[in-house]
1. Could you please tell me which pairs satisfy a Cβ distance under 8 Å, a separation of 6+ or placement on different chains, a first residue in region 46-75 that is without any contact (Cβ under 8 Å) to a residue 60 or more places away in the chain, and a second residue that is outside any strand (DSSP E or B) and open to solvent by less than 40 Å² (accessible area, probe 1.4 Å)?
2. Within region 115-124, does at least one residue satisfy the condition of being surrounded by 13 or more Cβ atoms within 10 Å (Cβ to Cβ), free of Cβ contacts under 8 Å to residues at least 60 places away in the same chain and either within 20 Å of Lys28 (Cβ to Cβ) or among the polar types (S, T, N, Q) (or both)?
3. Looking only at region 52-81, filter to residues that are among the aliphatic types (A, V, I, L, M) and either in contact with a Gly (Cβ under 9 Å, 6 or more places away or on another chain) or surrounded by 13 or more Cβ atoms within 10 Å (Cβ to Cβ) (or both); which one of those is farthest from Val116 (Cα to Cα)?
4. Yes or no: Gln38 assigned to a loop (DSSP other than H, G, I, E, B) and open to solvent by 30 Å² or more (accessible area, probe 1.4 Å)?
5. Looking at Leu114, Leu76, which one is touching a Leu at 6+ places or on another chain (Cβ under 9 Å) and not small (Gly, Ala, Ser)?
Amino acid sequence: MRIFFTILLLICIAGQMNMVEAQNSKMKTSEWRYEVPQAPQGYEKGIITLSGDNANLKGELQLSSGYTIKMNNISLKNDTLKAGVYFESEYVQLLLKMNEHTMRGTANTSLGILEVKARKVVNEKKR
């Protein structure tokens, strides 16, 4: 009888570990509407899309023209997002402080350091 309960307990623990692993591997996606007022025309507004978890973040920028650019070297530690983006032939480094609904920070460009502001895009659920 003791062996039966031990095996049952091990099966339950294995099932719980599998559920936790499946939850952590789900991709989370968030969209942020950004503004960089000092940026050149066409680059001053758009949407930042982030997906994945902290260990495997992916991101892209969609410019107001609809053109999409992939982000690279993305890391999120505590509330600080660091990433890089190639705009045409220029590499731009982003450093953004995040909270639940906003991001604020800088973009290090050849024009100098530009201020970046972003607000989370909230999708209304259909009833």
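The values are calculated or read from the model by the stated rules, or taken from the named source; none is laboratory data. None of the values given here were measured: they were computed from a predicted structure. When we count neighbours, we look across all protein chains shown, and the Cβ atoms used for this are built from the backbone with ideal geometry, even at glycine. Protein only, heavy atoms only, side chains kept; ligands, DNA and RNA dropped before computing areas. Shrake-Rupley method; radii C 1.70, N 1.55, O 1.52, S 1.80 Å.
1. Pairs that qualify, where the first residue is without any contact (Cβ under 8 Å) to a residue 60 or more places away in the chain and the partner is outside any strand (DSSP E or B) and open to solvent by less than 40 Å² (accessible area, probe 1.4 Å), are Leu50/Leu57; Ser51/Leu57; Lys58/Gly52; Leu63/Gly42; Ser64/Gly42; Ser65/Gly42; Ile74/Leu57; Ser75/Leu57.
2. So far as region 115-124 goes, no, none of its residues is surrounded by 13 or more Cβ atoms within 10 Å (Cβ to Cβ), free of Cβ contacts under 8 Å to residues at least 60 places away in the same chain and either within 20 Å of Lys28 (Cβ to Cβ) or among the polar types (S, T, N, Q) (or both).
3. Top of the filtered list is Leu57.
4. On the way: assigned to a loop (DSSP other than H, G, I, E, B): yes; open to solvent by 30 Å² or more (accessible area, probe 1.4 Å): yes.
Yes, satisfied.
5. Working: Leu114 fails: touching a Leu at 6+ places or on another chain (Cβ under 9 Å).
Going through Leu114, Leu76 in turn, the sole match is Leu76.
Here's the yes/no breakdown for (1) open to solvent by 70 Å² or more (accessible area, probe 1.4 Å); (2) over 11 Å from the mean Cα position of the chain (by Cα):
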site	(1), (2)
Tyr43	no, yes
Ile47	no, yes
Ala83	no, no
Gln93	yes, yes
Thr102	no, yes
